[in-house]
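What follows is a single structure, written as structure tokens, with notes after it.
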Amino acid sequence: MLPGFCLRGYSQKKSIDQRVDSLMKLMTLEEKAGQLNQYSGKEVTGPVTGRQTYLLNDIKAGLVGSMLNVRGVKDTREIQAAALQSRLKIPLLFSLDVIHGYKTIFPIPLAEAASWDLEAIRLSAHIAAKEAAASGLHWTFAPMVDIGRDPRWGRVMEGAGEDPFLGSKIAVARVKGFQGEELGGTDAVMACAKHFAAYGAAMAGRDYNAVDMSSQLLWETYLPPFKAAADAGVATFMNSFNTLNGIPATGNSYLQRDILKDAWKYKGFVVSDWGSIGEMIPWGYANDLNDAALKAINAGSDMDMESEAYKKNLVQLVKENKVDVKLIDDAVRRILYKKFELGLFDDPYRFSDYKREQKVMNDPQSRLIARDVAQRSVVLLKNPDNILPLAKTTQTIAVIGPLGKSKRDLEGSWIPQSDTILVTTLFDGLSRKISKSSKLLYAKGCNINDDKDSDFAEAVETAKKADIVIMALGESWDMSGEAKSRTDIHLPGKQEALFEAIRATGKPVVVVMMAGRPLIFDKIADHASAILYAWWLGAEAGNAIANVVFGDYNPSGKLPLTFPRSVGQIPLSYSYYNTGRPVKNLKDIKYKSAYIDSPNGPRYAFGFGLSYTSFDYSDLSLSKSSIKGNESSDLSFTLKNTGKFAGEEVVQLYLQDVVSSVVRPVKELKDFQKIALKPGESRTIRFTIDKEKLSFFNRSLQWGAEPGSFKLMIGAASDDIRLEKTFELGL
Ligand code: NOJ
């Protein structure tokens, strides 16, 4: 067979397996190792290697399987053309971090997680994929499915929060959104479940740090979203920078071979994180790049992102019989399979279409979708006197604070192709809504991370002229994200002092907090008239927040991770263990598992979020109060909208296994539904209780349920349980 056999017209009827086999028979060992090599384009998203010059030559020689950080139809076509000059004309895979939008920037993933709205999240990933795919990309390095329980870790912004159940559901929604029902559509890209595994538990919240973790915690909390993504057909996995109990994840065969490829029978491929194969040297796990390549390939890392360990060493390692060629073949097979599934052998340019790029990138519908998910992501933390929603006819509103007119900060990190200029600021969003006779004033007051208060006076004067003040406070876009760990997660700079100065005017103050992580802001929490946690909501932030402020959208977000009172409590989760000395009464903490200077509980709990309306929960019943074997019981209760606004409530099902062979948390989220009700409307809500929901990993890490009593809890938040019942699992 001649080179080029695999292009359009080649025996389309053959199965992908057969096509991969035929191609692999033609490949030299060098070409096989080439498929495992991934280079970055000019843009860098990690430490720079300094290499650029021989890149095109390597591509033409068939020594590169994939590129990251190249995008746009023009560039991808040019570079693909170089790959098609190689002997076997194997097309390249183009990849990029499309994390929360490509051209249209959506809310950061943590914000979207606060929507608990799986369809909105799926749609957001779909639009991102559609835009990315129209710009020549085949593959996004998303979703990040790492559980994050430490808000010091800057990358909590990129995940779905602290909970394995919610995290798994969101992982599936994102995989489906990015990939569509199956690979190959030109409005979809391959997804990548990252970072395998336990990266979110980096010690002390410091990025790239070590992880020491029990098997119990790993299996119960950190692995489930990865398993869910694998089951949903995620095309690729990325390993991680951290060690897990002493072994770097990149060189960890327990994770990549025993769990992922053997136990879970995962058929996609694993890409290393940026340079993580080479980073096993400073970790003290590999002598040099050669040793690192040996350890990584043995452990199941299929593709080498940017460390050139495979490129420089794999061929020699095979020739010296140090690496079994079967491992190389397995990795190559996995990668080629995906290239066939994407249809790249039939048309290597099928994602790089100038017309589609033009059309897709400017679709106004995408911004409306971004606005919708953005408003769903806002969490109302406080509104005791129902000051919100504001009337559009409010005479004078003052917007005060460093984020009031900011565009860039509202996008967060990872914004591949954004037109930042088109971001709607909070000020713009509000000004579009107010009535003609109303006035909107503005004063910045201070910068985000200032240590001076020289502009406070002007802000105070502005506040005095208003009937109501909306303060726009929070973090700048580069304060949360990769390599953005912080030891102090208080609202930065002088912003709380600015709040105090404005509050002293006696005007009602609504605070809109925009950040990539949970922040601590005690004075605001105690004294603001209302608080909206608006994260970083992307291109439509201002319009979305304005919709919420004026009641055109009734907030329905719930926190996807715990907001601590202090850094000293971290890591803190709703799903804690009771201990042998639980605190029952805050006045009696002597010899109890408590702090002497703070309550144990959070400032705002997982699952918490208010609405402009109120919901009543009643009439909990179970079709059976005891089940055995494969039986199930139907749980039902009535949810009623008892307020004046139409609204959505996220009803949450928690349970606790009361006594078991391994100590269980006080509660674990096991299901949820987001329900829309009109004022006065009520509905019967149903959940099924079956053995699966009662199961956990036992001492031998077997998944199963143990007979005995369970506490079932229905809540509006993890700390706001409205209905409870006990339930038995029989023998
Ligand atoms: C390092 C990050 O950890 C990873 O998430 C990202 O996909 C790569 N850099 C590529 O940019």
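The values are calculated or read from the model by the stated rules, or taken from the named source; none is laboratory data. All values derive from a computational prediction rather than experimental measurement. Every residue, glycine as well, gets a Cβ built from its backbone with ideal geometry; the counts of neighbours run over all protein chains shown. Areas reflect the complete protein model, heavy atoms only, side chains present, ligands, DNA and RNA absent. Shrake-Rupley method; radii C 1.70, N 1.55, O 1.52, S 1.80 Å.
State whether one or more residues within the range 141-150 are out of contact with any Cys (no Cβ under 7 Å at 6 or more places or on another chain) and aromatic (Phe, Trp, Tyr). If you could, list the steps in order and put the result at the bottom.
Of all residues in the range 141-150, those out of contact with any Cys (no Cβ under 7 Å at 6 or more places or on another chain) come to 143-150.
Now drop any that are not aromatic (Phe, Trp, Tyr), which leaves none.
Scanning the range 141-150 turns up no residue that is out of contact with any Cys (no Cβ under 7 Å at 6 or more places or on another chain) and aromatic (Phe, Trp, Tyr).
Quick check on VAL175: is it within 13 Å of PRO225 (Cβ to Cβ), among the aliphatic types (A, V, I, L, M) and within 16 Å of the ligand (Cβ to nearest atom)? If you could, list the steps in order and put the result at the bottom.
Working: within 13 Å of PRO225 (Cβ to Cβ): yes; among the aliphatic types (A, V, I, L, M): yes; within 16 Å of the ligand (Cβ to nearest atom): yes.
Judged against the criteria, VAL175 is a match.
Could you tell me which residue of the range 671-710 is farthest from SER214 (Cα to Cα), considering only residues that are open to solvent by less than 50 Å² (accessible area, probe 1.4 Å) and among the hydroxyl-bearing types (Ser, Thr, Tyr)?
Within the range 671-710, the match that is farthest from SER214 (Cα to Cα) is SER709.
Just to check your reading of the model, which residue among THR221, THR186 is more than 16 Å from the ligand (Cβ to nearest atom), farther than 30 Å from LEU336 by Cα and of a type in the set (Val, Ile, Thr)?
Details: THR186 fails: farther than 30 Å from LEU336 by Cα.
None of the other options fit; the residue is THR221.
Looking at the range 179-189, can you tell me whether even one residue there is among the small types (Gly, Ala, Ser), open to solvent by less than 10 Å² (accessible area, probe 1.4 Å) and modelled with pLDDT of 95 or more?
So the first thing to find is which residues in the range 179-189 are among the small types (Gly, Ala, Ser), and the list is 180, 184-185, 188.
So of that shortlist, the ones also open to solvent by less than 10 Å² (accessible area, probe 1.4 Å) come out as 188.
Right, trim to modelled with pLDDT of 95 or more and you get 188.
Checked against the condition, which is being among the small types (Gly, Ala, Ser), open to solvent by less than 10 Å² (accessible area, probe 1.4 Å) and modelled with pLDDT of 95 or more, the range 179-189 yields at least one hit.
Do any residues in the range 120-145 that are farther than 24 Å from TYR222 by Cα have Cβ atoms under 6 Å from those of residues that are assigned to a helix (DSSP H, G or I) and within 16 Å of the ligand (Cβ to nearest atom), where the two are at least six apart or on different chains, and which pairs are they?
Qualifying pairs under 6 Å: ALA129/PHE178.
Scan LEU118, LEU56 and give me the residue that is away from the ligand (no atom under 16 Å from the Cβ) and at pLDDT below 95.
Working: LEU118 fails: at pLDDT below 95.
The match here is LEU56.
Could you grab the pairs with beta carbons closer than 6 Å, sequence gap of 6+ or different chains, first residue in the range 194-217 and over 14 Å from ASP146 (Cβ atoms), second one of a type in the set (A, V, I, L, M) and open to solvent by 60 Å² or more (accessible area, probe 1.4 Å)?
If the second residue must be of a type in the set (A, V, I, L, M) and open to solvent by 60 Å² or more (accessible area, probe 1.4 Å), the pairs left are ALA210/MET203.
If only one of SER611, SER575 is open to solvent by less than 30 Å² (accessible area, probe 1.4 Å) and more than 22 Å from the chain's Cα centre (by Cα), which one is it? Walk me through how you get there before you give the answer.
Details: SER575 fails: more than 22 Å from the chain's Cα centre (by Cα).
Just a single option satisfies the conditions, and that option is SER611.
Suppose the filter is away from the ligand (no atom under 16 Å from the Cβ) and either among the small types (Gly, Ala, Ser) or touching a residue at least 60 places away in the same chain (Cβ under 8 Å) (or both); does LEU93 pass it? Can you show your working first?
Working: away from the ligand (no atom under 16 Å from the Cβ): no; either among the small types (Gly, Ala, Ser) or touching a residue at least 60 places away in the same chain (Cβ under 8 Å) (or both): yes.
Criteria not met by LEU93.
Is it the case, given these coordinates, that ARG87 is away from the ligand (no atom under 14 Å from the Cβ), more than 30 Å from ASP58 (Cβ to Cβ) and not assigned by TED's automatic domain parsing to the domain that holds ALA717? Can you show your working first?
Working: away from the ligand (no atom under 14 Å from the Cβ): yes; more than 30 Å from ASP58 (Cβ to Cβ): no; not assigned by TED's automatic domain parsing to the domain that holds ALA717: yes.
It is false that ARG87 is away from the ligand (no atom under 14 Å from the Cβ), more than 30 Å from ASP58 (Cβ to Cβ) and not assigned by TED's automatic domain parsing to the domain that holds ALA717.
For the range 203-229, enumerate the residues that are within 16 Å of ILE570 (Cβ to Cβ) and part of a helix (DSSP H, G or I).
Residues satisfying the conditions are MET203, ALA204, GLY205, LEU217, THR221.
Could you tell me which residue of the range 23-38 is most open to solvent (accessible area, probe 1.4 Å), considering only residues that are outside any helix (DSSP H, G or I) and more than 12 Å from the ligand (Cβ to nearest atom)?
To start, the set of residues in the range 23-38 that are outside any helix (DSSP H, G or I) comprises 27-28, 36-38.
Pick out the ones that are also more than 12 Å from the ligand (Cβ to nearest atom) and you get 27-28, 36-37.
On the way: MET27: 18, THR28: 56, LEU36: 0, ASN37: 1 Å².
Among those that are outside any helix (DSSP H, G or I) and more than 12 Å from the ligand (Cβ to nearest atom), it is THR28.
Filter the range 436-455 down to residues that are out of contact with any Lys or Arg (no Cβ under 8 Å at 6 or more places or on another chain) and open to solvent by less than 40 Å² (accessible area, probe 1.4 Å), then give me how many there are.
Residues of the range 436-455 that are out of contact with any Lys or Arg (no Cβ under 8 Å at 6 or more places or on another chain), as a first pass: 436-437, 439-440, 443, 445, 447-449, 454.
When the remaining residues are screened for being open to solvent by less than 40 Å² (accessible area, probe 1.4 Å), the result is 440, 443, 445, 448.
Total meeting the criteria: 4.
Give the residues of the range 428-443 that are of a type outside the set (Gly, Ala, Ser) and out of contact with any helix residue (DSSP H, G or I) (no Cβ under 7 Å at 6 or more places or on another chain), sorted by residue number.
Narrowing the range 428-443 to residues of a type outside the set (Gly, Ala, Ser): 428, 430, 432-434, 436, 439-442.
Scanning the range 428-443 gives ILE434, LYS436, LYS439.
Picking from LEU294, LEU314, which residue would you name as being assigned to a helix (DSSP H, G or I), open to solvent by 20 Å² or more (accessible area, probe 1.4 Å) and either more than 20 Å from LYS194 (Cβ to Cβ) or aromatic (Phe, Trp, Tyr) (or both)?
After applying the criteria, what remains is LEU294.
Determine the pairs where a residue that is in a loop (DSSP other than H, G, I, E, B), located within the range 259-276, has a partner that is buried (at least 24 other Cβ atoms within 10 Å of the Cβ) and β-branched (Val, Ile, Thr) with Cβ atoms under 8 Å apart, the partner being 6 or more residues away or on another chain.
GLY268/VAL234; GLY268/THR236; SER272/THR250; ASP273/THR250; SER276/THR250
GLY4 fails exactly one of the following numbered conditions: (1) on the phi > 0 side of the Ramachandran plot; (2) at pLDDT 95 or above. What is the number of that condition?
Answer for GLY4: the failing condition is (2).
Looking at ASP451, ASP419, ASP409, which one is within 30 Å of GLY136 (Cβ to Cβ) and at pLDDT below 95? Explain how you work it out, then say what you get.
On the way: ASP451 fails: within 30 Å of GLY136 (Cβ to Cβ); ASP409 fails: at pLDDT below 95.
Unique residue meeting the criteria: ASP419.
When you go through GLY101, GLY62 one by one, which is the residue that is within 16 Å of the ligand (Cβ to nearest atom) and part of a loop (DSSP other than H, G, I, E, B)? So that I can check it myself, show each step before the final result.
Details: GLY62 fails: within 16 Å of the ligand (Cβ to nearest atom).
So the residue among GLY101, GLY62 that is within 16 Å of the ligand (Cβ to nearest atom) and part of a loop (DSSP other than H, G, I, E, B) is GLY101.
Output the number of residues of the range 523-542 satisfying the condition of being free of Cβ contacts under 8 Å to residues at least 60 places away in the same chain and either in a strand (DSSP E or B) or open to solvent by 10 Å² or more (accessible area, probe 1.4 Å) (or both). Spell out how you get there, then give the answer.
If we filter the range 523-542 for residues that are free of Cβ contacts under 8 Å to residues at least 60 places away in the same chain, which is where we start, we get 523-524, 526-527.
When the remaining residues are screened for being either in a strand (DSSP E or B) or open to solvent by 10 Å² or more (accessible area, probe 1.4 Å) (or both), the result is 523, 526-527.
Final tally of qualifying residues: 3.
Any residue at all in the range 264-273 that's surrounded by fewer than 16 Cβ atoms within 10 Å (Cβ to Cβ) and of a type in the set (A, V, I, L, M, F, W, C)?
First, pick out the residues of the range 264-273 that are surrounded by fewer than 16 Cβ atoms within 10 Å (Cβ to Cβ): 264-265, 267.
From the residues that got through so far, the ones that are of a type in the set (A, V, I, L, M, F, W, C) too are 264.
Yes, because at least one residue in the range 264-273 is surrounded by fewer than 16 Cβ atoms within 10 Å (Cβ to Cβ) and of a type in the set (A, V, I, L, M, F, W, C).
Select, from ILE121, ILE127, the only residue that is touching a Phe, Trp or Tyr at 6+ places or on another chain (Cβ under 9 Å) and either in a helix (DSSP H, G or I) or among the hydrophobic types (A, V, I, L, M, F, W, C) (or both).
ILE127
On the given criteria, is LYS494 among the basic types (Lys, Arg), within 19 Å of VAL399 (Cα to Cα) and crowded, with 21+ Cβ neighbours inside 10 Å?
Numbers: among the basic types (Lys, Arg): yes; within 19 Å of VAL399 (Cα to Cα): yes; crowded, with 21+ Cβ neighbours inside 10 Å: yes.
Considered against the rule, which asks whether it is among the basic types (Lys, Arg), within 19 Å of VAL399 (Cα to Cα) and crowded, with 21+ Cβ neighbours inside 10 Å, LYS494 comes out as yes.
Given the conditions (1) within 16 Å of the ligand (Cβ to nearest atom); (2) in contact with a strand residue (DSSP E or B) (Cβ under 8 Å, 6 or more places away or on another chain); (3) more than 21 Å from ARG350 (Cβ to Cβ), and given that GLY200 satisfies all but one, which numbered condition is not satisfied?
The one condition GLY200 does not meet is (2).
Do we find a residue being more than 16 Å from the ligand (Cβ to nearest atom), closer than 16 Å to ALA374 by Cα and crowded, with 24+ Cβ neighbours inside 10 Å anywhere in the range 125-133? Before the answer, list the steps.
Initially, the range 125-133 is screened for residues more than 16 Å from the ligand (Cβ to nearest atom), giving 126-127, 130-131, 133.
Filter once more, keeping what is closer than 16 Å to ALA374 by Cα: 126-127.
Keeping just the survivors that are crowded, with 24+ Cβ neighbours inside 10 Å gives 127.
Yes.
On the given criteria, is LYS590 of a type in the set (Lys, Arg), out of contact with any strand residue (DSSP E or B) (no Cβ under 9 Å at 6 or more places or on another chain) and assigned to a loop (DSSP other than H, G, I, E, B)?
Numbers: of a type in the set (Lys, Arg): yes; out of contact with any strand residue (DSSP E or B) (no Cβ under 9 Å at 6 or more places or on another chain): yes; assigned to a loop (DSSP other than H, G, I, E, B): yes.
For LYS590, the condition - of a type in the set (Lys, Arg), out of contact with any strand residue (DSSP E or B) (no Cβ under 9 Å at 6 or more places or on another chain) and assigned to a loop (DSSP other than H, G, I, E, B) - is met.
Tell me the helices (runs of 4 or more DSSP H) entirely within the range 351-435 that contain at least 1 residues that are touching a residue at least 60 places away in the same chain (Cβ under 8 Å), surrounded by fewer than 24 Cβ atoms within 10 Å (Cβ to Cβ) and β-branched (Val, Ile, Thr). Steps first, please.
Numbers: elements: 354-361, 364-377, 426-433.
Ranges flagged: 354-361, 364-377.
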